[in-house]
1. Simple spin-label model, 7 Å along Cα-to-Cβ: residue 302 to residue 81 in nm?
2. Under the 0.36 nm per residue contour assumption, what length would be gained going from the current alpha-carbon distance of residue 125 and residue 295 to full extension?
3. From a point 7 Å beyond the Cα of residue 109 in the direction of its Cβ, which residues of segment 13-55 have a backbone N at a distance under 16 Å?
4. As a quick test, which of the pairs 206/274; 34/87; 247/311 have an alpha carbon distance above 20 angstrom in this structure?
5. What list of ³J(HN,Hα) values in whole Hz, one per residue of segment 94-99 in order, does the Karplus curve 6.51 cos²θ - 1.76 cosθ + 1.60 (θ = phi - 60°) give from phi, with Gly and Pro shown as x?
6. Obtain the nm distance between the two label points defined at residue 22 and residue 150 by a simple spin-label model: each point lies 7 Å from its Cα along the Cα-to-C-beta direction.
7. Give me the number: length gained by fully extending residue 164 to residue 220, i.e. 0.36 nm times residue separation minus the C-alpha to C-alpha distance, one decimal in nm.
8. For 254, 107, 100, what's the fewest-to-most ordering of other Cβ within 10 Å of each Cβ?
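None of the figures in this text is laboratory data; all of them are computed from the coordinates on show. Here the structure is a predicted model, which means the values were calculated and not measured. For neighbour counting, all protein chains shown are included, and Cβ atoms are generated from backbone atoms with ideal geometry for every residue, glycine included.
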Amino acid sequence: MHTWHYHYTFLQFMVPWCLHFFLWGVIGQVLWWKLHPYIRHANMKSILLRVIPLSIFVSVLEEMIWVACNPQVPLGSHGWTYGHRLKYYLDSELLNNLVIFWFTFCIFRAVVYYQDLRERQFVASRLETELTQAQLRALRMQLNPHFLFNTMNSVSSLMRSDLEAADQMLEQLSSMLRITLDRGEQPLIPLTEEVDFVQLYLSIQKTRFRGIVHHYVAIEPDTLDALVPTMILQPIVENAFVHGVGKVPGEGFIGIEAQNHEGQLRICVRNSGKGLAQQSPSETAKERVGVANVRGRLELHYGSAQCFELKEFDDGEVQAILLLPLQYSARLIDKTLGYAYDYPDNHR
């Protein structure tokens, strides 16, 4: 190109230009390294009193280095001293340098704000997770003593009338407690493990109530390894026994069904009995504790992506229906369950 009637080669144009931005890159790295904490916490007053003088100093320093590295510019400046060339470029480039400095500073400030925002979000998320886990542990602790006291009272009653049945119940209770301890703080478990646990509980309750209680488990194969909250079915089955099957004479039934319902896990616990409307106020209050516990745990695990409802039919049957997200663990358990299916005659 031609400027001021002097010929510029491509290298004569590109080398000073690349050096200019290389120097600003180095300056930017140094500023971030040295001033990162200051940039994070600087207020407006501090910026006006310190950063403005710093911007002028850095802009002049960059120009001094650049002019020292390019003695051939500007063309036609033969005989010019370093001071003349520096003055020439300060007059023409100082404003550009100040713009580059403040643009860089603003980018650093934006990066710092973004980092702070991400850090606050991370801390808030961690606190929310810890709070949720604490609430889940509290809800589980609310269930375990309740179930344990009921079972131990039943064992105490059987000790006077049927020692063999009491011994069998203690063995079953021991197995359940061992399973609970082995799970530890695991929040979600495969449905197969939860049903295994409920099967033990059903055995204890059948011994406890001594009635003719038929039960069945019907689970679709593709939901066997679906993840569910730990001990989510036990309080529902306990309500089915205490407030349903255990309150009517003769035979009764309890059923547990699970299937893939339009991409969701649908679990239904059915029981015969006297229905919801015929319960006494004290029974309703006790049942409300278990139901509220289940609702609270489902809300903490899944938020609004779940549904839990109770349905009552004219013949006294009650159904507790759970709709949960269909989730699987990364490691699917290769396990086949053998259940003794005992279906009642009136299967809805």
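1. 8.4
2. Details: separation 170, 0.36 × 170 = 61.20 nm, distance 2.25 nm.
Difference between extended and current length: 59.0 nm.
3. Label zone hits: 32, 35-55.
4. On the way: 206/274 18 Å; 34/87 29 Å; 247/311 18 Å.
34/87, as the Cα separations exceed 20 Å there.
5. Values, residue by residue: 4, 4, 4, 5, 4, 4 Hz.
6. Taking the simple label geometry, residue 22 and residue 150 are separated by 7.9 nm.
7. Values: separation 56, 0.36 × 56 = 20.16 nm, distance 3.62 nm.
Extra length available between residue 164 and residue 220 comes to 16.5 nm.
8. Numbers: 254 26, 107 12, 100 20.
Result, fewest neighbours first: 107, 100, 254.
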